[in-house]
Amino acid sequence: MKLTIEQFSALEHELDTVKQQVKAQLGEQDARYIRRVLLVQRLSAISGRILLVLGFITPWLWLVGVLLLALGKILDNMEIGHNVLHGQYDWMNDPVLHSKRYEWDIACDAGSWQRTHNFEHHTYTNIIGKDRDFGYGLLRLSNDFRWRVRNLWQGGTYLLLSMLFQWGVSYHELAAQRVFAGKKKADRHSQVSDSALKKAFFSKGARQLIKDYLFFPLIAGPMWLWVLSGNLLANLIRNLWTSTVIFCGHFTKDVHVFTAAQCENESRGQWYYRQMLGSSNFTGPTWLHILTGHLSCQIEHHLFPDIPARHYPAMAKQVQAIAAKYAIPYNTGSFVRQYSTVFGRIMRYSLPGGGKAVKAL
Amino acid sequence: MKPLLKRLWRAFCMMLGNQPALSRYLLPIIQQFSPGFLPGHFRARVSGKYWATADMLQLTFRVSKRWQGFMPGQHILLTLRHNGRYISRPFSICSTLADWQSTRSIALCCKVTSGAEFTPLLNQLQNETVVNISAAQGDFHWQQPALPALFIAAGSGITPIASMLLSQRHWLAPVSLYYRYRGSENAALLVQLKQLASRQHLFTLTLSDSRVEPAADMTNALLPQAKDKQIYLCGPAGFMQQIQQRLTEAGVALCTIHKEQFGPALPAIPCETITGDADESARQTTFIRAGSPHQVAASTQHSLLHAAEQHGLTPSFGCRMGVCFQCVCDKVSGQVRDIRTGALSGNGAEQIQLCISQPVTELVIKL
């Protein structure tokens, strides 16, 4: 323990204050902001799909269409979907922007996401064996995991995972529950049955496949190949972008990893502390923050997952000051720098050995 | 055939836009052109506003052509957008059918409580402001106008009853109204009711001012008339409970009493009989919200909606008095009590309304 019990409760109090200050001023501006993002999302997705068909005039229109559709999907997944599903906008009581009702343009079923991401990942962030997001059960990211031969080619595995990221995310819970393969783990309990998981997985996945690769190509008539390839490309761009952003949040060089024993009976102050050590930010202009759904402020997101994300950059300044006061490392840097350390980590641990990432709390 | 088509259409919309209806997918675009559009609701434009009494604001709305009309006595949910959030409350319609048929307008008579969240906003509504209303709902309406009837109203409880009486065209049987208020200057719709009494000989109006007449006097006066009549009762919860008790004691069959209850429900009675530990006033409640559990010590004296909000959770809500069903949630396990009636729920999985449910045992609830 680097901080004393008193320091932990003081830290808890200071971070709670930061949260309460923002919470007290939520209102019309936040509602207008998210509705405007929603409007831009709808307009870019719809115009993107129209431009794909107009590729016969000039392929440039098709290209713009691909980019607009990708933008629509990225906005839907990141700034809207991810944040709405965290309940950031529940206070608006809006028919669409509510965590109970929102469903997003991605293969993963919203309910499954809420269980694995909102609950498992956000509660047990970076605890080896409890947070399956640390390496997704595919990548060896620290010497806390035994080296296996398959780790030799995990660079390729990573590339494949990034390209198919939406399917990785959607299969995540089924893999954890060993629904299709593997021996059931005795310590895993699920709120939902395997058959319900399968049903959600297949029906959501099928809807997304039918939409992008059957329905829209079909109604495009002779332009079907343009539309199909455009949709494929837009999905690919979205997958690569979301995976890159998310990898920068927890797998940079200096993030801390914990053991389950360390985190037993932790106080809220200690939980805050672990969230700060287990996440990393990257800097950039406002448009970059929006495209990442403000996951560029991963630390603030992990501290305050249900505060509307547009407040994170401002909160980051306060959080960074608090971190400095308690001498807690605050992991931030440029996008390029942070991503290169992620890539370095994946490469390093594909070979045996390497340092342990677990740090003393 | 129709349900199948509906299901197919819904599946199609889910496939296309991940929303159960295209209107929800297109909502941000539609709202650009028609502000105030809200799926499942109707638009209504403020066309008049005046203070009927010192604290009763009468609002007139021109309602959308798609609104299907109402039966006098029914209520609507009025939804406003305030500081970024949608909030709604139920209000009885106090205007007549004839008004709606001739001018497509309805009136609400709303008691404004200063310091409350919703009703003070009503006074800020400008003419031509667009608000949302629900379809007319509720089963409080004059079911058998051919039978003699006794109407009993207190305070703002007069609104649905006035609408029933003033809408009536063909009078077939004697009808009497007991209207109790605090000072005639605070009695809404009194002028219209007096006019009705003077021109319709089958209608008798008996007024009772709570400043001069004790409640028991009025009850004693109306009891002899209550036999073999249809009874319509609307007013504050305490008043209604008293009257109903006196009526049933006097041998009036419960099935002839029709009632509508708004306003804050009675504080519920502690539930010592169920768990045996009456002094322990909180129950461990687990709210599962967006996939993650939140442990809350929910007071047995308040609603679960209150408990969840106190804890910083934000479940969807509406009227906060059990009318609109927007706060319906899945209860996974545990027992709750209905604040309004004291009725106990089962122990297993079922749907409950958070705003009118109090914890009885430990609970697990999916928000």
Can you name every one of the helices (runs of 4 or more DSSP H) wholly within region A:1-114 that holds 1 or more residues which are free of Cβ contacts under 8 Å to residues at least 60 places away in the same chain and more than 9 Å from chain B (Cβ to nearest Cβ)?
A:5-24, A:28-53, A:59-75
Given (1) surrounded by fewer than 17 Cβ atoms within 10 Å (Cβ to Cβ); (2) in contact with a helix residue (DSSP H, G or I) (Cβ under 9 Å, 6 or more places away or on another chain); (3) of a type in the set (Lys, Arg), index of the condition B:ARG180 fails
(1)
Residues that are crowded, with 17+ Cβ neighbours inside 10 Å and closer than 14 Å to A:MET276 by Cα, drawn from region A:323-358
A:ALA323, A:ILE328, A:TYR330, A:ASN331, A:THR332
Odd one out for B:ALA153, checked against (1) under 20 Å from the mean Cα position of the chain (by Cα); (2) surrounded by fewer than 22 Cβ atoms within 10 Å (Cβ to Cβ)
(2)
Looking at region A:199-210 only, could you name the residues that are charged (D, E, K, R) and crowded, with 18+ Cβ neighbours inside 10 Å?
A:LYS204, A:ARG207
Which residue, of B:LEU121, B:LEU125, B:LEU59, is of a type outside the set (Gly, Ala, Ser) and without any contact (Cβ under 8 Å) to a residue 60 or more places away in the chain?
B:LEU121
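Taking the options A:ALA314, A:ALA309, name whichever one is closer than 25 Å to B:HIS294 by Cβ and of a type outside the set (S, T, N, Q).
Only one candidate passes the filter, namely A:ALA309.
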Quick one: which residue in A:MET315, A:MET347, A:MET276 is over 29 Å from A:TRP91 (Cα atoms) and assigned to a helix (DSSP H, G or I)?
A:MET347
Considering only residues that are without any contact (Cβ under 8 Å) to a residue 60 or more places away in the chain and either outside any loop (DSSP other than H, G, I, E, B) or at the interface with chain B (Cβ under 8 Å from one of its Cβ atoms) (or both), which ones fall in region A:115-131?
A:HIS117, A:PHE119, A:GLU120, A:HIS121, A:THR123
Mind listing whichever residues of region B:156-201 are part of a helix (DSSP H, G or I), out of contact with any Pro (no Cβ under 9 Å at 6 or more places or on another chain) and not aliphatic (A, V, I, L, M)?
B:THR159, B:SER184, B:GLU185, B:ASN186, B:GLN192, B:LYS194, B:GLN195, B:SER198, B:ARG199
Assess whether A:SER334 counts as being in contact (Cβ under 8 Å) with a residue 40 or more places away in the chain, within 20 Å of A:TYR124 (Cα to Cα) and of a type in the set (Ser, Thr, Tyr).
no
Against the condition under 24 Å from the mean Cα position of the chain (by Cα), of a type in the set (Val, Ile, Thr) and crowded, with 17+ Cβ neighbours inside 10 Å, how does A:VAL18 come out, does it pass?
yes
Would you confirm, using the coordinates I've provided, whether A:TYR171 is under 14 Å from the mean Cα position of the chain (by Cα), without any contact (Cβ under 8 Å) to a residue 40 or more places away in the chain and under 24 Å from A:THR244 (Cα atoms)?
no
Residue ranges of strands (runs of 3 or more DSSP E) in region B:16-120 with at least 2 members over 21 Å from B:LEU166 (Cβ atoms):
B:42-51, B:75-82, B:85-92
Could you count how many residues in region B:302-344 are of a type in the set (S, T, N, Q), away from chain A (no Cβ under 14 Å) and crowded, with 17+ Cβ neighbours inside 10 Å?
2
Qualifying residue in region A:91-100 (condition: under 30 Å from A:LEU218 (Cα atoms) and touching a Lys or Arg at 6+ places or on another chain (Cβ under 9 Å))
yes
Given (1) more than 9 Å from chain A (Cβ to nearest Cβ); (2) in contact with a strand residue (DSSP E or B) (Cβ under 6 Å, 6 or more places away or on another chain), where does B:LYS2 come up short, assuming only one miss?
(2)
Selection count where residues are surrounded by 14 or more Cβ atoms within 10 Å (Cβ to Cβ) and either more than 12 Å from chain B (Cβ to nearest Cβ) or at pLDDT 95 or above (or both), scope region A:176-195:
4
In the set B:ARG45, B:ARG89, which member is of a type in the set (Lys, Arg) and within 14 Å of chain A (Cβ to nearest Cβ)?
B:ARG89
Which of (1) surrounded by 23 or more Cβ atoms within 10 Å (Cβ to Cβ); (2) within 14 Å of chain B (Cβ to nearest Cβ) does A:PHE134 not meet, given it meets every other one?
(2)
Right, B:GLU128: in a loop (DSSP other than H, G, I, E, B), within 14 Å of chain A (Cβ to nearest Cβ) and loosely packed, with under 15 Cβ neighbours inside 10 Å or not?
no
Residue match in region A:279-288 (condition: modelled with pLDDT of 95 or more, in a helix (DSSP H, G or I), crowded, with 20+ Cβ neighbours inside 10 Å and not charged (D, E, K, R)):
no
Residues that are more than 9 Å from chain A (Cβ to nearest Cβ) and surrounded by 16 or more Cβ atoms within 10 Å (Cβ to Cβ), drawn from region B:31-40
B:GLY36, B:PHE37
Expected output for region A:189-208 (first residue closer than 14 Å to B:ALA11 by Cβ, partner among the small types (Gly, Ala, Ser), Cβ below 6 Å, 6+ apart or cross-chain) is A:GLN208/A:ALA107
Per the filter on region B:301-336, residues touching a Ser or Thr at 6+ places or on another chain (Cβ under 7 Å) and either over 28 Å from A:ASP306 (Cα atoms) or not β-branched (Val, Ile, Thr) (or both) are B:GLN301, B:SER303, B:LEU304, B:ALA307, B:GLY318, B:CYS319, B:CYS324, B:GLN326, B:CYS327, B:GLY334, B:GLN335
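The values are calculated or read from the model by the stated rules, or taken from the named source; none is laboratory data. On a predicted model such as this, the values are computed, not experimentally measured, just so you know. Because the Cβ atoms are built from the backbone with ideal geometry, glycine has one as well, and the counts that use them run over all protein chains shown.
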